1. Restricting the search to segment 119-141, which residues are aliphatic (A, V, I, L, M), in a helix (DSSP H, G or I) and in contact (Cβ under 8 Å) with a residue 40 or more places away in the chain?
2. Considering each residue of segment 199-219, count those that are assigned to a helix (DSSP H, G or I) and either under 16 Å from residue 275 (Cβ atoms) or not assigned by TED's automatic domain parsing to the domain that holds residue 275 (or both), and give that number.
3. On the given criteria, is residue 293 buried (at least 19 other Cβ atoms within 10 Å of the Cβ), β-branched (Val, Ile, Thr) and within 20 Å of residue 228 (Cα to Cα)?
4. For segment 49-71, give me each residue that is surrounded by fewer than 19 Cβ atoms within 10 Å (Cβ to Cβ) and within 21 Å of the chain's Cα centre (by Cα).
5. Out of all the residues in segment 295-304, is one or more touching a residue at least 40 places away in the same chain (Cβ under 8 Å), touching a Cys at 6+ places or on another chain (Cβ under 6 Å) and of a type outside the set (D, E, K, R)?
6. Does residue 154 meet the test of being buried (at least 18 other Cβ atoms within 10 Å of the Cβ) and not hydrophobic (A, V, I, L, M, F, W, C)?
7. Give the residues of segment 85-98 that are out of contact with any helix residue (DSSP H, G or I) (no Cβ under 9 Å at 6 or more places or on another chain) and either over 28 Å from residue 289 (Cβ atoms) or among the charged types (D, E, K, R) (or both), sorted by residue number.
8. Does at least one position in segment 119-142 carry a residue that is under 20 Å from residue 30 (Cα atoms), touching an Asp or Glu at 6+ places or on another chain (Cβ under 8 Å) and surrounded by fewer than 18 Cβ atoms within 10 Å (Cβ to Cβ)?
Amino acid sequence: MRMAVIGAGGVGGYYGARWLAAGNSVTFVARGRHLEQLGAHGLHVEHPQFRYRGAVHACDLDGLCAGDPGEFDLLVLAVKSAATHTIGATLDDWFHRCGRRVPVLSMQNGVDNEAELAAALGQDAVIGGLALRVGTHVEAPGRITASGAGQVVTGPWPNREEAVAGPATDILPAFVQAADAAGTPVIETGDIRRELWRKLVINNGLNPISALTGWDSRRLTRNSDTVATIRRLMHEAAAAARADRVMLDGTDVDEMFQLIHDLDPIKTSMLVDREHGRPMELDAICGAVMARTRQLGEDAPATELLSGFLRNGIWSTEPDRDDA
């Protein structure tokens, strides 16, 4: 396949390297020092079962849009959720200028990205997706470490019954085959909106408390005090999903908690962003839960409390350590 990965950070860089090493054509879209390193020294990815060190084709978003969309079979969006609206508008301008559209697969945190992309590009051009059982970090510009199974969960947006036939549904089978063959196992679902909410249950449960404490996933999920808060946060996200006609219950919460409990210890993306002084995805994660909860006439007190602390810069400065 011919793919462009827009946002070649931890997630985009890891998956893109896997797909490139398997013989696909991959263009990495990045910016700043990361882009400079990709161009000058290539991409280095380290995973317990995979290693990539080599030259890559890299450009910024303007460089991508200076070409022809027809050069690609699929665009994979792996940027922070706050950038989705702007990138959607940029891609829409590009497609209209060139007179052709390319399907876009979102692999981002949150439950609103696909809807934003569909509003900009047309629902028939959008594939829903998420990365599962993987931890990735940009250790330095051009250098990425990753661990975990690195699964991809994907499906037509918003689900198979409501999907509109078009470029996205046409390319999806080929992507599933290519990603599977590249060692990034694919779980194809008929209800990707439901799976995105299940992932948000994880993110809302783990990300804010990780960013506040500085603790990794293993320490958090093995401490009885923090486990109670994590489960409360997860239940609040599960309840909020009803606003999007997604029904989740205690079984979903138990399954998602077990998933993070059994993972190798990872730092959440929100903690990494906090440590590097970058904006945290509070709106995409906690904000989505609070907004849906308000729609239902309810509240999410634990989510509101932790989100408020993070918005006001209140967090622990104690360095992470293993439990005694």
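The values are calculated or read from the model by the stated rules, or taken from the named source; none is laboratory data. Given the structure is predicted, the values throughout are model-derived calculations rather than measurements. Every residue, glycine among them, receives a Cβ derived from its backbone with ideal geometry; neighbour counts consider all protein chains shown.
1. If the condition is that a residue be aliphatic (A, V, I, L, M), in a helix (DSSP H, G or I) and in contact (Cβ under 8 Å) with a residue 40 or more places away in the chain, then 125 is the only one that fits.
2. Adding up the residues that qualify gives 10.
3. Values: buried (at least 19 other Cβ atoms within 10 Å of the Cβ): yes; β-branched (Val, Ile, Thr): yes; within 20 Å of residue 228 (Cα to Cα): no.
Spelling it out, it is not the case that residue 293 is buried (at least 19 other Cβ atoms within 10 Å of the Cβ), β-branched (Val, Ile, Thr) and within 20 Å of residue 228 (Cα to Cα).
4. Matches in segment 49-71: 50, 60.
5. There is at least one residue in segment 295-304 that is touching a residue at least 40 places away in the same chain (Cβ under 8 Å), touching a Cys at 6+ places or on another chain (Cβ under 6 Å) and of a type outside the set (D, E, K, R).
6. So residue 154 fits the description; yes.
7. 96 - this is the single residue of segment 85-98 that is out of contact with any helix residue (DSSP H, G or I) (no Cβ under 9 Å at 6 or more places or on another chain) and either over 28 Å from residue 289 (Cβ atoms) or among the charged types (D, E, K, R) (or both).
8. Yes: one or more hits.
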